[in-house]
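Submitted below is the structure of interest, expressed as structure tokens.
The values are calculated or read from the model by the stated rules, or taken from the named source; none is laboratory data. Everything numeric in this text was worked out from a predicted model, so none of it was measured. Positions of Cβ are generated from backbone atoms using ideal geometry, with glycine treated the same way; all protein chains shown enter the neighbour counts. When the accessible area is computed, the model is the full protein with side chains, heavy atoms only, and any ligands, DNA or RNA have been set aside. Shrake-Rupley method; radii C 1.70, N 1.55, O 1.52, S 1.80 Å.
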Amino acid sequence: MKAALFHEDHTITVEDVPIPVAGAGEALLRVLECGVCGTDLRIQAGEFLARGYPVRAGHEIAGRVEAVGEGVAKVRVGDLVGVNPNAGCGACYWCLRGRPHLCPDMKAVSLDSPGGFAEYMTAPEAQTLVMPAGATVDAAAMLEPTSCCLHGIDVAEIMPGDPTVILGGGSIGLILLQLARHAGSAPMVVVEPREEKRALAMELGADAVIDPNGLDEVALRAKVDELTDGGAQVVIEASGNGRAAAAAMGLARRGATVLFFGVQDPALELPLKPFDIYHHEITIRGAFTNPLTDTRARAMLATGRVKVEKLISHRYALDDISAALDAVRKGETVKAMIVFEAAGGLLGGLR
Ligand SMILES: [Zn+2]
Ligand SMILES: [Zn+2]
């Protein structure tokens with residue numbers, strides 16, 4: 001089978017490798033689609049988590065079950081499945097307190113075992129989620145990002161009627177937007193520099209969008225104040241952009257929650273005014289990965305409450321994976337997918 005290998009010198013090659021075999025408790029998946037994520041750029045750049053190169057990346061996986069290993073009972077051959085790539089050890093302080101995403105020994109498909117930029121892969125049964133009848137392949141592939149966004153929404157603790165600002169209208173910002181809408185955010189404002197993403201935000205339920213180009217922090221605050229009648233109750237930084245992170249605190253009203261969701265440069269430092277946090281009772285939160293949110297994300301996707309089809313702006317064959325990562329790096333995509341010929345007819349529509 002063909003698989004993409006990410007090398008230490010930042011190149012990616014597509015090579016012939018053996019088809020894996022499902023071990024006990026595992027499913028063998030024929031990969032139908034696999035999303036390209038910012039994390040993949042970091043793996044390519046060599047800055048992220050990789051335990052040793054070459055890395056078999058790809059963690060936003062839609063697959064068809066081809067075979068199951070010994071003891072597998074809930075996943076059957078032929079099922080359309082999504083994959084939750086992350087699993088805690090099950091035995092540490094955090095795992096035993098319901099926070100497996102903070103496990104120091106968390107294992108991830110695509111880092112600790114081969115991922116989805118390949119024609120076949122294996123996944124543990126407990127991390128292989130059968131999609132209900134009628135669910136799309138795109139929905140299965142977007143299960144992981146949606147489950148991460150759902151954790152962000154849990155942490156943001158939105159109440160119906162909370163004015164909410166989302167910084168960043170990429171695929172993650174646009175999933176957060178849809179989930180925030182269901183949580184009751186009102187009004188919802190998305191700040192996004194690219195025109196086509198602002199248009200998608202309006203289509204997916206934003207009440208207003210702001211183009212931050214040419215706005216300094218004071219001007220941005222003024223716009224948000226006007227649109228939210230005095231500032232956001234919930235501010236979600238979903239861009240990973242340092243300037244957006246710096247602006248986020250300034251958009252909060254008294255008593256607000258500011259959620260840092262986007263993956264920022266680990267070296268970024270921002271000034272903090274402890275007096276303001278005390279006096280205005282500001283809550284600052286982070287949200288990392290997808291603890292115990294995968295089946296809820298599946299329900300939101302399968303019922304169409306979260307729509308992902310319109311977010312997928314680019315589809316590439318596995319052989320073009322380097323071009324796919326380049327496009328993602330340049331911000332040209334909303335969501336780029338690697339699609340496989342085995343998915344049937346999909347390659348005809350490649351852009
Ligand atoms: Zn991802
Ligand atoms: Zn653990």
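Could you tell me whether segment 144-151 includes any residue that is more than 16 Å from ligand 1 (Cβ to nearest atom) and polar (S, T, N, Q)? Can you show your working first?
The first filter runs over segment 144-151 and keeps only residues more than 16 Å from ligand 1 (Cβ to nearest atom), leaving none.
Looking for residues that are more than 16 Å from ligand 1 (Cβ to nearest atom) and polar (S, T, N, Q), one finds none in segment 144-151, hence no.
Count, please, the residues in segment 185-217 that happen to be closer than 16 Å to Q233 by Cβ and over 21 Å from the mean Cα position of the chain (by Cα).
4
Quick one: is V68 under 20 Å from the mean Cα position of the chain (by Cα) and away from ligand 2 (no atom under 16 Å from the Cβ)?
On the way: under 20 Å from the mean Cα position of the chain (by Cα): no; away from ligand 2 (no atom under 16 Å from the Cβ): yes.
Here the answer is no, as V68 does not meet what is asked.
Yes/no matrix, rows are residues, columns are (1) open to solvent by 30 Å² or more (accessible area, probe 1.4 Å); (2) among the small types (G, A, S):
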| site | (1), (2) |
| --- | --- |
| R97 | yes, no |
| P104 | yes, no |
| S113 | yes, yes |
| T128 | no, no |
| A133 | yes, yes |
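Being outside any helix (DSSP H, G or I) and under 23 Å from L41 (Cβ atoms) narrows it down to one of G82, G90, so name that one.
On the way: G90 fails: under 23 Å from L41 (Cβ atoms).
Answer to the selection: G82.
Same structure again: Got at least one residue in segment 178-196 being without any contact (Cβ under 8 Å) to a residue 24 or more places away in the chain and over 15 Å from V306 (Cβ atoms)?
Scanning segment 178-196, I find at least one residue that is without any contact (Cβ under 8 Å) to a residue 24 or more places away in the chain and over 15 Å from V306 (Cβ atoms), so the answer is yes.
Results for (1) in contact (Cβ under 8 Å) with a residue 12 or more places away in the chain; (2) touching an Asp or Glu at 6+ places or on another chain (Cβ under 9 Å); (3) under 30 Å from M131 (Cα atoms), shown as yes or no for each residue.
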residue: A222; (1), (2), (3): no, no, no
residue: T228; (1), (2), (3): yes, no, no
residue: V235; (1), (2), (3): yes, no, no
residue: A238; (1), (2), (3): yes, no, yes
residue: G250; (1), (2), (3): yes, yes, no
residue: R253; (1), (2), (3): yes, yes, no
residue: D265; (1), (2), (3): yes, no, no
residue: I282; (1), (2), (3): yes, yes, no
residue: L325; (1), (2), (3): yes, yes, yes
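Right, another one. Which one of these is within 16 Å of ligand 1 (Cβ to nearest atom) and among the hydroxyl-bearing types (S, T, Y): S185, S171? Explain how you work it out, then say what you get.
On the way: S185 fails: within 16 Å of ligand 1 (Cβ to nearest atom).
Testing whether each residue is within 16 Å of ligand 1 (Cβ to nearest atom) and among the hydroxyl-bearing types (S, T, Y) leaves just S171.
Give, as residue ranges, the strands (runs of 3 or more DSSP E) completely inside segment 233-351 that count at least 2 residues that are open to solvent by 50 Å² or more (accessible area, probe 1.4 Å) and under 30 Å from V218 (Cβ atoms). Walk me through it before giving the result.
On the way: elements: 252-260, 283-286, 312-317, 335-339.
Strands (runs of 3 or more DSSP E) meeting the threshold: 252-260, 283-286.
Can I ask one more? Just to be sure before I move on: is A22 open to solvent by less than 30 Å² (accessible area, probe 1.4 Å), among the hydrophobic types (A, V, I, L, M, F, W, C) and farther than 16 Å from P85 by Cβ in the structure I sent? Talk me through it step by step, then tell me what you get.
On the way: open to solvent by less than 30 Å² (accessible area, probe 1.4 Å): yes; among the hydrophobic types (A, V, I, L, M, F, W, C): yes; farther than 16 Å from P85 by Cβ: yes.
Against the criterion (open to solvent by less than 30 Å² (accessible area, probe 1.4 Å), among the hydrophobic types (A, V, I, L, M, F, W, C) and farther than 16 Å from P85 by Cβ), A22 qualifies.
Would you mind finding the one in F275, F260 that is at pLDDT 95 or above and either in contact with a strand residue (DSSP E or B) (Cβ under 8 Å, 6 or more places away or on another chain) or closer than 25 Å to A199 by Cα (or both)?
Numbers: F275 fails: either in contact with a strand residue (DSSP E or B) (Cβ under 8 Å, 6 or more places away or on another chain) or closer than 25 Å to A199 by Cα (or both).
Unique residue meeting the criteria: F260.
Name the residue that is farthest from D105 (Cα to Cα), counting only residues in segment 1-49 that are among the polar types (S, T, N, Q) and within 20 Å of the chain's Cα centre (by Cα).
Q44
Same structure, new question: I'm trying to understand the selection: among the residues of segment 34-70, which are among the acidic types (D, E), modelled with pLDDT of 95 or more and away from ligand 1 (no atom under 13 Å from the Cβ)?
If the condition is that a residue be among the acidic types (D, E), modelled with pLDDT of 95 or more and away from ligand 1 (no atom under 13 Å from the Cβ), then E66, E70 are the ones that fit.
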